[in-house]
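Take a look at the structure set out below.
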Amino acid sequence: MCIRDRYQRRVRGALVAMVFGFLKSGPRPDPIMQAAVSKVDKLLDQVNSASDHARLMWQGMTQASQGQKYLVETMTTMWGDQPEADMSPKVHTLYEKLADEIPKQMNQTVTNLLIQPLNDWAVQLAELKGKTRTIDKEKEQLDHYNDKLEELRLEGEKMRSKGKPRSQKDIDKFQRNVDKHREAEKVYHKVREEVLNCVEEALLESHEKVNAYMKTILHFSQAYHTKTYEVASKLDEPLRLVESYITKPPVRRSHKAEILKGVEEVKDDGDDSDGADKEHLKQDSGVVAVDTKVEKSGDKLKERSAKVKAIEQTRRRQEEQAKIKAIEEKNKQQQEQILAMQQQMAQKQQMICLLYTSPSPRDS
């Protein structure tokens, strides 16, 4: 009874294995190959992520530079024809270098030494992952003889349970399948070992590749920020001019004449029958003359107004001086920070020249 139950369980197991063998596609999973593929998948994901970040980093840096340029161009247009407008051409030139010239110079470097090699590495890993499937045929052959031997063992147990001896023909058939299974196992282990060696080589080489790419990233960061600092340091002169205009505002050109000129042009192009508008324009044009007459009249009301105005100006001047003092203190701190940065960058200048002479990362 025990023998029969054991035989029935094994038959059911064999039948289930055969049914699911027909339903599934490909060989049975090999835990060793599964672990190897998992390692390759993880490294491939990391390389793809690094490649994406490198591309996004470069896009972000160039977009930030372009945004600064457009911001400065917009701000300088607000100067109009005031004295500050004299520095606009130089400021525009410097920001064009930051936004256009430097990114153009560095684009080939970051593309050829970082972005493209990372993409190529990802392709190599994807090909290696595909290579792990090239041994499926050998694995399926081994699975076939595993199933065949299990089937023959079940048949032998069935005959023994009935008290029937195995024939010489059955014994020879079983031995032939044992030999075929041994050969299939030998072939599969050989091709699996070849693939595992490729995986091991790729995983070990990945550490050297990471170091090479890190060297490229560090050199690139130093070179890029050094170039931008060389240009940004030339903004010192415009910065000093702006600070001087804040400390001591220049004599401003009046907007009134421009406004009146624009109104006169509208008047000339408009309908001459509009007498009310003409009267207003005459009144506006005579404001300066009226002010002169009032000053000469010696009117007491005018004198009081002048005194009040003088007091108000004194108060405003004191407030402005307090603000200017705070700004000067802040600028002094910034100058000290810039000086410290210049000293640091001077120490690194010798290292930067290695960027264009350093070898490209190995791709194999």
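Tallying residues that are in a helix (DSSP H, G or I), over 30 Å from residue 137 (Cα atoms) and either touching a strand residue (DSSP E or B) at 6+ places or on another chain (Cβ under 9 Å) or among the charged types (D, E, K, R) (or both) within the range 156-186 yields 3. For residues that are hydroxyl-bearing (Ser, Thr, Tyr) and within 30 Å of the chain's Cα centre (by Cα), scanning just the range 77-96, find the one that is least open to solvent (accessible area, probe 1.4 Å). Only one residue fits best here, namely 95. Only residues that are without any contact (Cβ under 8 Å) to a residue 24 or more places away in the chain and either assigned to a helix (DSSP H, G or I) or surrounded by 19 or more Cβ atoms within 10 Å (Cβ to Cβ) (or both) were counted in the range 127-141, giving 3. If you go through the range 151-168 and keep only what is aliphatic (A, V, I, L, M) and touching a residue at least 24 places away in the same chain (Cβ under 8 Å), you end up with 152, 154. Scanning the range 50-69 finds no residues that are at pLDDT 90 or above, assigned to a helix (DSSP H, G or I), loosely packed, with under 14 Cβ neighbours inside 10 Å and among the hydroxyl-bearing types (Ser, Thr, Tyr).
Looking at (1) surrounded by fewer than 14 Cβ atoms within 10 Å (Cβ to Cβ); (2) at pLDDT below 95, find the lone condition where residue 214 falls short. The failed condition is (2). In the range 245-263, the count of residues that are in a helix (DSSP H, G or I), of a type in the set (A, V, I, L, M, F, W, C), modelled with pLDDT under 75 and open to solvent by 100 Å² or more (accessible area, probe 1.4 Å) is zero. Residues in the range 101-119 that are open to solvent by 60 Å² or more (accessible area, probe 1.4 Å) and either farther than 26 Å from residue 46 by Cβ or over 16 Å from the mean Cα position of the chain (by Cα) (or both): 101, 104, 105, 108, 112. Suppose the filter is modelled with pLDDT under 95 and assigned to a helix (DSSP H, G or I); does residue 34 pass it? So residue 34 fits the description; yes.
The values are calculated or read from the model by the stated rules, or taken from the named source; none is laboratory data. This structure is a prediction, so every number in the text was calculated from the model and none was measured. Backbone-built Cβ (ideal geometry, glycine too); neighbour counts: all protein chains shown. Surface accessibility is based on the protein's heavy atoms, side chains included, excluding ligands, DNA and RNA. Shrake-Rupley method; radii C 1.70, N 1.55, O 1.52, S 1.80 Å.
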